[in-house]
Structures are given as C-alpha cells and as structure tokens.
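Coordinate-derived values only; no laboratory data. The model shown is predicted, which means the values in this text are computed figures rather than measured ones. Positions of Cβ are generated from backbone atoms using ideal geometry, with glycine treated the same way; all protein chains shown enter the neighbour counts.
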C-alpha cells in the first residue's frame, strides 16, 4: 500500500529538534484555580472513575496529588445539563515539560476537541465547530504549541494526520491521509522524524505503520496499537490487544515482548529510555532491559512520563 504523505520535511525536523519560533502561550482563561498550577510529579495519569481530574506521582510512586479541571465562564456547567463533558482518556506531556496535551469531549472519552494545558493552569482549546479537528487517541506535542493529532470527524471521507498550531487552531501541514480501506486511531512523530501510525485495515485488522523521515521505508507491526517513541527516537513501544507490551527499534529490528499481559494499556518512556510505565487500573513501571517491575499506583489509567522540567 502506497503511503500518501503530504509533508514539508524541513518544518517537521525543525519542530522535532526543539528549534522553533517562540509562539508564546495565550491562555484563554484559567482552567485550574489561580495559585494551583500543575504539581511537580513527573507522571501524569487519569484517576479511575474521573473525567475532570488529573493525578500526578513521582517515578517511585510517591507524592500523589490531583488537580481538578474546570472550564470557567459557565461553559462547563452549561454543558453538564446536556451531557457529561470532560477531558478524554489520553494526556501527554510536551518534550520540554511546559504543557500537557489532551482533548475536551462533550459526549465520550475516546475523541474530542484538542486542548493544551500549561503548567500554570491556563489552556488553549480549539473551537467546538466544524473548523476544528476532532481528535482520536493521544495527541502529542511536537514543540512549542504544535500538536500532531488525528482528525477523524465522522463527516469526512478520510482520516487525517495533522500538524496543528494550537495558538490559532490551524493546520500547519497534513502528514498522512487514510486509504479507503483503513481508519487511523493515533499517530506520533519521533525526535528523528520517524512517523508511527496506528490504524485498522480491512481484512488485516489493527497494525502500526512506521515510515522513515524520507518516507521511503514502510514497516508494519501486525496487531499493534498505541505507539510511543523513546526520547532519542531509537525505540518504539506499543501494545498488542489481549497479548502484551512490545518494544522494537525504529527500523523494525530487535522486536521483543516486554510484558505478557492481555490487559496492558498505553506505555510511556522514561527520559533516559531505561524504563516504561503502563497501566490499566494499576500503573506499573518496568525496566526495559531486565524486566524488573514495580507497582506505582492502584486506581489510575493512561500514564505519561514527563521528560523535562518546565
């Protein structure tokens, strides 16, 4: 299958290297009460049973704190009368630790309007109209306030992998367009410009497609979902449903199963690449080389590890 990629490599590699224009952060309003910025805990997650709360712990499982998310200006309360709005299941740190990326949803926890949350508690939220993408899976901050996200609005013929400027909620570039026989659930871009796309393909099921920066190579990981690049861009972690957690080199070599558990959720790398955290109701930390494993927290989902302090 020929990948149709519409991309400006210079832009992407510039963004991935962390060299970019300082856009500044223009929070629309305060999302967390004044004086209650984000805690110092490097690991963020969604406490079980919540839809408007973030949990934070340190890598040893200590220091549990929460922050309650509230959209001010009456929007949150007004929407509660119609539905159960909140943040979606997934949340990710920016490479520099300045922001969190998530989505706001009125109805369900799997898709929503892209949103950034700063460490001081302010946010950027795309308009809830046809001008905004409706994102599935995790959105990842490439640099500054630029996201890579999947737009899969139901009224579109194709899914789109986008670079999105959250300052203006405008598309910088389209990295990938889905084929007629596939649906895209998530995409992520490594620090070296490698693209990993989680998709479902007719007659094949779930898989992850990896392409190199020149888009000359295509590597397929059958059954894969929830791809996550290591900080150096050399390794990819991913999950196979009802099987376990795997790691593989960016070129598809040295694939190995790290966790044999049918209920493993999404994984996230430590800054040095030595550990992974993953969770499904319980958050675990596992050493990539030795398999040494620790339980960090019971009652949490979708953990993500901050790589740098803001």
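Using a Förster distance of 25 angstrom, determine the FRET efficiency expected from the C-beta separation of residue 255 and residue 232, and round it to 0.05.
My answer for the efficiency is 0.90.
Take the Cβ-Cβ distance between residue 40 and residue 263 as r, set R0 to 41 Å, and report the resulting FRET efficiency rounded to the nearest 0.05.
Once the sixth-power term is evaluated, E becomes 0.85.
Express the relative contact order of region 125-212 as a whole percentage, based on alpha carbon pairs under 8 Å and six or more residues apart in sequence.
Relative contact order for region 125-212 comes out at 20 percent.
Between residue 241 and residue 308, what length in nm is gained on full extension when 0.36 nm per residue of separation is reduced by their alpha carbon distance?
21.1 nm is the gain from fully extending residue 241 to residue 308.
Normalised by the residues of region 181-296, what does the relative contact order come to in percent, with Cα pairs under 8 Å and at least six apart?
Relative CO of region 181-296 lands at 15 percent.
With all pairs of different alpha carbon atoms counted, what Kirkwood hydrodynamic radius in Å does region 179-228 show?
Taking the inverse mean of 1/r over all distinct Cα pairs, region 179-228 comes out at 10.9 Å.
How long is the gain from residue 204 to residue 281 if the chain were fully straight, where each residue apart is worth 0.36 nm and the alpha carbon distance is subtracted?
Working: separation 77, 0.36 × 77 = 27.72 nm, distance 2.92 nm.
24.8 nm is the gain from fully extending residue 204 to residue 281.
Among 290, 146, 168, which comes first, second and so on when ranked by fewest other beta-carbon atoms within 10 Å? Intermediate values should be presented prior to the final figure.
Values: 290 8, 146 23, 168 13.
So the residues, fewest neighbours to most, are 290, 168, 146.
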